[in-house]
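Bear in mind that the values in this text are calculations on the coordinates, not laboratory data. All of these numbers come straight from a predicted model, not from anything done at the bench. Don't worry about glycine lacking a Cβ; one is built from the backbone with ideal geometry, like all the others, and counts go over all protein chains shown.
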Amino acid sequence: MPTNLPPQFYTISEKLKEAKTLEEKISILETLLAITPKHKGTQKLQRDIKTKLAKLKGRKPKKTKRETLYSIQREGARQIVIIGRANSGKSTLLNALTRAKTKVASYPFTTQIPKPAMMPYEDILIQLVDTPPLTEKSPPWLKGIMKESDGLLAIFDLSKDSVGGDIKNLKEILNNWRITNKKILFLGNKIDLEKSAINLQKIGAQYKIKAVSCLKKIGIEELKKEIFDLLEIIRVYTKSPNKPSPDFEHPFVLKKNSQLITLANQIHQDFTSAFKFAKLFKLNSKKPRIVGKDYIFQDKDIIEIHTR
């Protein structure tokens with residue numbers, strides 16, 4: 001009986017030969033199992049893959065947590081993880097928002113491991129992470145990456161009539177994984193297609209979703225601002241008393257509603273005890289005002305700290 005395997009099955013199978021670590025082999029086998037069609041013709045193949053997985057997992061140290069198989073080194077101001085179903089446009093979104101050149105294909109599971117890239121926003125960089133398709137059978141390490149992130153971008157294919165069900169399904173997965181308090185922005189991709197506009201109208205009352213086209217780059221520049229707002233962060237520029245201009249190239253990134261004392265601690269521990277006063281400057285204003293430790297910063301404030 002024919003197996004009718006998808007073309008990417010053979011591509012991913014070749015990568016299994018090159019895999020060096022136990023974790024890589026397990027991840028690839030789990031991906032192969034997920035994309036294998038479920039019918040009588042593939043029953044033996046499914047059993048073989050499951051047997052190999054069982055053997056590899058049996059060799060794993062018991063203390064190893066599957067959620068930490070992949071660890072993304074944090075860079076930039078904050079980290080956002082892109083999630084969604086297969087072919088929803090995750091990799092295309094990453095390419096549109098960053099200078100990355102991630103492989104994009106019309107078949108599912110093109111992305112098999114997390115891929116980070118940096119998104120420039122004005123004077124800071126925000127790290128975005130592309131991930132494999134999110135399903136009920138996604139590898140546990142994906143859960144770990146999502147939990148460690150500062151926020152999520154959930155992207156859906158608006159041209160699919162099932163988009164409403166896809167959103168509901170993703171919410172159920174997040175709930176089952178107990179990822180319920182994470183900042184998340186829902187995106188509807190392919191708004192340039194006529195069918196997408198119709199589907200958006202149908203689900204618009206039920207779900208708050210931002211319409212974009214990753215391929216045509218519709219709404220992408222506005223999206224950068226929404227990502228920044230989602231993170232609830234601010235930028236603060238510092239100025240030395242003996243220098244005429246602030247340092248606009250290296251802003252400090254703080255949480256919204258952060259007090260001046262938080263920044264003072266971040267710059268140097270001695271600033272807390274030696275703090276005398278600070279001069280606050282606003283952009284396009286040369287006249288400062290004196291503020292104390294409890295001053296609450298606003299985005300793009302300029303601060304000059306004076307010590308005893």
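Taking the Cβ of W177 as the center, what net charge do the other residues with Cβ under 9 Å away carry, scoring Lys and Arg +1 and Asp and Glu -1?
Local charge sum for W177: +3.
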For I173 and K224, extending 7 Å from Cα along the Cα-Cβ vector and measuring point to point gives, in nm, a value of 2.9
Long-range amide H partners of L125, meaning residues 5 or more apart or on another chain whose placed amide H is closer than 5 Å, are A77
Scoring only Lys, Arg, Asp and Glu (+1, +1, -1, -1) among other residues with Cβ under 11 Å from the Cβ of F271 yields +2
Gyration tensor on Cα atoms of the range 66-231, a ≥ b ≥ c root eigenvalues, a/c under 1.5 rounded, else prolate if a/b beats b/c, else oblate, says rounded
Residue separation between Q206 and L125 times 0.36 nm, minus their alpha-carbon distance, gives in nm 25.9 nm
antiparallel share of DSSP beta bridges within the chain, to nearest 5, in %, is 55
Cα extents of the range 7-59 along the principal axes, largest first, in whole Å, come to 31, 24, 13
Among beta bridges assigned by DSSP with both residues in the range 155-308, the antiparallel ones amount in percent, to the nearest 5, to 65
For K243, counting only lysines whose alpha-carbon sits under 18 Å away and dropping same-chain residues fewer than eight positions off, the answer is K279, K282, K286, K287
In the neighbourhood of V129 defined by beta carbon distances under 14 Å, the net charge of the other residues (Lys, Arg +1; Asp, Glu -1) is +3
Surpassing 25 Å at the alpha-carbon level, of the pairs K17/K55; K55/K90; K15/K38; K15/K147; K25/K224; K20/K57, are K55/K90; K15/K147; K25/K224
